[in-house]
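Written below as structure tokens is the structure these notes are about.
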Amino acid sequence: MLELLWLIPALPFAGFLTLALFGQKLHEKSIAVTGVGFIGLSAALAILVSASFISSPPQGYFYTQTLWTWMQVGGFSPKISFYLDALSMIMMVVVAFVGFLIHLYSIGYMKGDEGYSRFFAYMNLFVGSMLTLLLAEDLLLLYLGWEGVGLCSYLLIGFWYKDSANGRAAIKAFIVTRIGDASMAVGLFLLFTSLGTLSIQGLMNLASQRWPVGAPLAVASAALLLGGAVGKSAQLPLQTWLPDAMAGPTPVSALIHAATMVTAGVYLIARTHILFTLAPPVQTAVAVIGAVTLLIAGFSALTQRDIKRVLAYSTISQIGYMFLALGVGAWSAAIFHFMTHAFFKALLFLGTGVVILALNQEHDIFKMGGLRNELPLTFWTFLIGSASLSALPLITAGFYSKDLILWQALSSERGGVWLWAAGFLGAFITSIYTFRIFFLTFSGSATSQVSRKPGVLMTIPLVVLAVLSLIGGFIELPETLGNSRLLSNFLQTALPPLQAVTTDYSTQGSLQFITSVVSLIGIIFAYRYFLHSPQHTGRRENIMKNPVAYAVHCFLFKGWNFDLLYDTFLVRPFLWAARTNRNDFVDLIYRGMAAICRASNTVLSFTQSGKVRWYATGIALGIVILVGIVEIL
Amino acid sequence: MTAAVPLHHGLIVAGILFAVGLLGLLVRRNVIFILLSIEIMLNAAGLAFVVAGSKWGQVDGQIMFIFVLTMAAAEVSVGLALVLQLYHHTKTLDADSANKMRG
């Protein structure tokens with residue numbers, strides 16, 4: 001069974017090729033069958049392979065499948081080979097399965113779009129690249145998948161390219177992530193020159209043998225890889241592209257910009273965790289970046305009017321939690337949160353897609369409302385997703401994963417009160433902004449007609465994801481509540497366990513209680529201010545009358561003015577320099593040479609008078625002068 | 001037996017002939033006269049060869065003169081053909097009027 005591993009990334013690529021070559025000639029129905037079918041096969045295969053991996057684990061809990069040697073240049077011979085272990089298996093299953101559900105949903109969502117086959121072709125290419133990224137045994141192959149998902153992200157953000165704003169958003173996403181990718185590429189060069197291989201397992205072994213903890217080379221290469229992860233996962237300071245990336249179709253936001261691609265950075269750090277353990281300052285930086293990002297993005301999410309932008313900031317914030325977990329060495333907690341986040345965030349985005357379709361592409365939450373009776377199923381699934389995102393205690397998956405991160409941020413030897421406090425405050429904000437959009441969307445009376453209701457194909461993914469958002473957390477229960485450690489025990493075959501300094505269950509229990517209360521308070525807070533009623537609107541307007549509150553609101557609405565900052569200090573100086581140097585000053589040299597040639601030509605062309613006698617005179621004089629010179633010498 | 005002409009006399013005559021030819025080439029505008037002047041210069045060179053050949057008692061100078069003659073005949077035939085063409089195009093034999101290829 002494990003030998004079929006290569007088919008899992010290969011099938012989506014086959015789907016992409018089929019659609020890219022013949023998509024124009026196919027009918028909508030056959031496009032949907034092709035596009036979804038290949039992903040479905042891939043997902044089914046991923047589940048089968050995982051089942052066989054779990055039931056009869058190979059020696060050492062990993063399986064490597066080498067297909068061929070990619071190239072051979074001197075001592076550099078990267079291979080096309082796939083590596084399956086606990087970490088990549090969980091990521092693979094989640095990506096393939098959630099990807100399949102979102103493809104299923106897209107059949108209905110994209111119905112009637114003129115780019116129907118293009119959409120499915122890009123989506124298949126994306127899933128193929130993402131699976132390549134996850135299963136790659138070699139950092140170079142991982143980088144191929146990494147750039148592949150970046151390309152698909154660009155193509156899909158600008159999917160409706162006729163609106164130039166979408167094109168600009170796509171370019172912004174591409175350029176901002178490119179900064180990170182460049183850093184990662186340099187990191188790969190550094191790793192190869194210092195250790196002589198790019199095979200991940202080989203690198204990790206060599207690194208732990210040759211480099212002591214805190215070795216400068218380890219710190220440098222970990223920092224460079226972190227640069228790549230920060231770009232892809234939209235963390236501070238490269239987070240600005242993700243909110244704009246919402247210009248793409250909603251299933252794209254669900255799949256690429258929430259559930260899978262943006263967590264590639266988390267995967268990269270977890271995959272190379274040995275390197276990060278060797279570089280304690282970088283690992284601390286990971287935790288701090290995560291903590292700061294989760295707060296910054298959470299506060300911004302509080303003020304957005306566009307429902308998808310709220311969810312985008314929420315995604316940045318939740319990935320911040322994962323970075324926080326990685327930074328304190330809680331590797332399996334980060335992967336746990338990745339998994340639950342993939343479920344509930346995909347669910348929220350798909351629910352949002354239904355709402356947006358129903359209201360004729362309306363994105364403004366203040367113009368929504370009253371959808372509870374119109375879209376009952378969406379209402380319930382959205383409620384479950386919101387509850388899971390706000391970590392409603394005991395029944396939701398989000399509670400267990402977030403709680404694990406918070407507890408381990410406090411109890412890890414690399415953690416601390418400050419990191420915990422940031423996560424704690426973040427949890428409070430999360431429940432406010434989540435239920436803010438929930439109440440504004442579904443409460444009150446209907447403001448506009450529902451133009452389109454979701455079909456069966458769009459409903460199934462919602463229900464499945466809602467169920468997973470509830471029960472997905474039960475595979476890992478804390479010591480205080482059941483103490484089931486299925487996930488972390490399994491992940492321990494690939495990732496080291498947490499180095500905890502405290503294991504005080506009573507503290508853990510009381511902290512869990514406080515966190516739960518705080519998330520409930522957040523929901524009540526949202527209930528007080530964000531219902532669709534004149535009374536609530538009045539309350540909001542009263543707050544806005546305070547100039548300070550209004551200024552803060554604007555500041556947060558613009559995402560802490562990061563765009564303005566980059567615009568002022570990077571984009572505009574660059575554009576100014578480009579404009580000033582429109583006639584590139586280096587060209588002066590070459591243009592000067594051309595000018596000299598032309599001037600000499602003008603001068604010399606006077607001598608070509610067309611008068612034969614003058615030529616004869618010239619020849620005679622020349623001979624006289626030459627002979628004279630020879631005589632003198 | 002006449003006394004041998006001294007070498008430098010012959011060379012001076014050749015030099016004068018050459019200078020006359022060159023001067024004619026430079027100052028005359030009629031193409032026919034320019035061709036004539038070239039002939040004079042060629043003959044001046046031929047005379048120098050013959051004089052030098054007799055000085056050293058070698059036949060090489062006279063052989064070279066034969067070459068110069070054949071070359072001159074060829075040159076004149078081409079030159080006269082060009083003159084005909086020039087006249088055909090410009091209705092004049094003025095060399096300065098054929099200056100269409102000036103820069």
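The values are calculated or read from the model by the stated rules, or taken from the named source; none is laboratory data. Predicted, not measured: the structure shown is a model, and the values here were computed from it. A quick note on method: Cβ atoms are made from the backbone with ideal geometry, for glycine too, and the neighbour counts reach across all protein chains shown.
Miscellaneous remarks
- Total residues in segment A:406-452, condition hydrophobic (A, V, I, L, M, F, W, C), free of Cβ contacts under 8 Å to residues at least 60 places away in the same chain and over 18 Å from residue A:317 (Cα atoms): 1
- Selection status of residue B:49, surrounded by 14 or more Cβ atoms within 10 Å (Cβ to Cβ), within 14 Å of chain A (Cβ to nearest Cβ) and at pLDDT 90 or above: no
- Screening segment B:85-103 for residues that are surrounded by 11 or more Cβ atoms within 10 Å (Cβ to Cβ) and among the hydrophobic types (A, V, I, L, M, F, W, C) and picking the one that is farthest from the other protein chains (Cβ to nearest Cβ) gives B:93.
- In segment A:191-219, the residues that are more than 18 Å from residue A:142 (Cβ to Cβ) form Cβ pairs under 8 Å with partners that are among the β-branched types (Val, Ile, Thr) and outside any loop (DSSP other than H, G, I, E, B), at six or more places apart or across chains, as follows: A:208/A:274; A:213/A:277; A:219/A:282.
- Yes/no for residue A:581 being surrounded by 10 or more Cβ atoms within 10 Å (Cβ to Cβ), within 14 Å of chain B (Cβ to nearest Cβ), farther than 30 Å from residue B:19 by Cα and out of contact with any Asp or Glu (no Cβ under 7 Å at 6 or more places or on another chain): no
- Test: residue B:20 is farther than 21 Å from residue B:86 by Cβ and within 14 Å of chain A (Cβ to nearest Cβ): yes
- Checking each residue in segment A:601-626 for being in a helix (DSSP H, G or I), facing chain B (nearest Cβ under 7 Å) and more than 17 Å from residue B:21 (Cβ to Cβ) picks out only A:605.
- Considering each residue of segment B:1-11 in turn, at least one proves to be more than 14 Å from every other protein chain (Cβ to nearest Cβ), modelled with pLDDT of 90 or more and under 21 Å from the mean Cα position of the chain (by Cα).
- Residue match in segment A:587-598 (condition: assigned to a helix (DSSP H, G or I), on the phi < 0 side of the Ramachandran plot and within 14 Å of another protein chain (Cβ to nearest Cβ)): yes
- Number of the condition not met by residue B:55 [criteria: (1) assigned to a helix (DSSP H, G or I); (2) within 12 Å of chain A (Cβ to nearest Cβ)]: (2)
- Looking across A:228, A:290, one residue alone is at pLDDT 90 or above and either among the hydroxyl-bearing types (Ser, Thr, Tyr) or within 20 Å of residue A:136 (Cβ to Cβ) (or both). It is A:228.
- Among all residues of segment A:293-303, there is none that is among the aromatic types (Phe, Trp, Tyr) and buried (at least 24 other Cβ atoms within 10 Å of the Cβ).
- Test result for residue A:263, in a helix (DSSP H, G or I) and at negative phi: yes
- Summed over segment A:69-124, residues that are assigned to a loop (DSSP other than H, G, I, E, B) and at pLDDT 90 or above total 0.
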